[in-house]
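A quick write-up on the structure given underneath.
The values are calculated or read from the model by the stated rules, or taken from the named source; none is laboratory data. Not measured: the values here are computed from a predicted model. In case anyone asks, the SASA skips ligands and DNA or RNA and just uses the protein heavy atoms, side chains included. Shrake-Rupley method; radii C 1.70, N 1.55, O 1.52, S 1.80 Å.
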Amino acid sequence: MSELDSVIGLSSLFDEYGTILQHRYLQEQELVLCKCETAIVFVSLNGAITDSIPLDQGETLVAIHECETGCQILMRNHDRLCLIRNTPASAERIDFSEPDPNSNSAVWSPCGRHIAVGHNYDSSVSVWRTDNGKLVWKHSTTWDMDGQCLQRPDLVVTSWSRDGRYIVTSSKYLIAWSVSIWHSESGEMAAVIK
């Protein structure tokens, strides 16, 4: 395929699905995932569209997890999360059980059976099951600033420990950062580093 053919392929992607808003290279599958205005589109390295998943208006991409069987895409639609599992054979959509309007980051557990999600506005972290979208637990950090806090800091999930026992999050308020370590099974805070 020539360079011109690739440009034509991308132009038809724009014509059919709108502007590319986010993208990520999926190394295991050698595909580029493009979150466009109306769909998630998978594009091969030669520019051919291999698959697409239609999106509802207002859906935003929170996180992507590449696994051996394909990829999992965490989306937020207004006040709900949903997980899209995409494999070469099919795409499955799992709507989460509880409202979650403020998610900003997500990281999958090492086994892939859970997702830790960080939240804006309430400085909380939640853990969800990937097989059925059920909430396992949700807890907030405590910010004791004698009422001087104009707004609670956003909490960002950064990683799981390799053994899956802990979740690491970070928060920033003005110029101060803190790191929190959570027990993944109970949601209890194990340590705070300020």
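Summary of values
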| read-out | value |
| --- | --- |
| Rounded to 10°, Cα long-axis angle of helix 3-17 versus longest principal axis of the chain | 60 degrees |
| Percent accessible area from carbon and sulfur atoms, segment 45-170, protein chains only, probe 1.4 Å | 46 percent |
| Solvent exposure of the chain as accessible area per residue, Å², 1.4 Å probe | 56 Å² |
| Cα Rg, Dmax, the chain, angstrom units | 18.6, 64 |
| Most mobile of Glu37, Glu98, Glu68 in a GNM of the chain (Cα contacts under 10 Å) | Glu68 |
| Relative contact order for segment 24-155, counting Cα pairs under 8 Å that sit 6 or more residues apart, in percent | 13 percent |
| Segment 44-108: relative contact order in percent, alpha carbon pairs under 8 Å with at least 6 residues between | 25 percent |
| Difference of contour (0.36 nm per residue) and Cα-Cα distance, Val179 to Tyr166 | 3.4 nm |
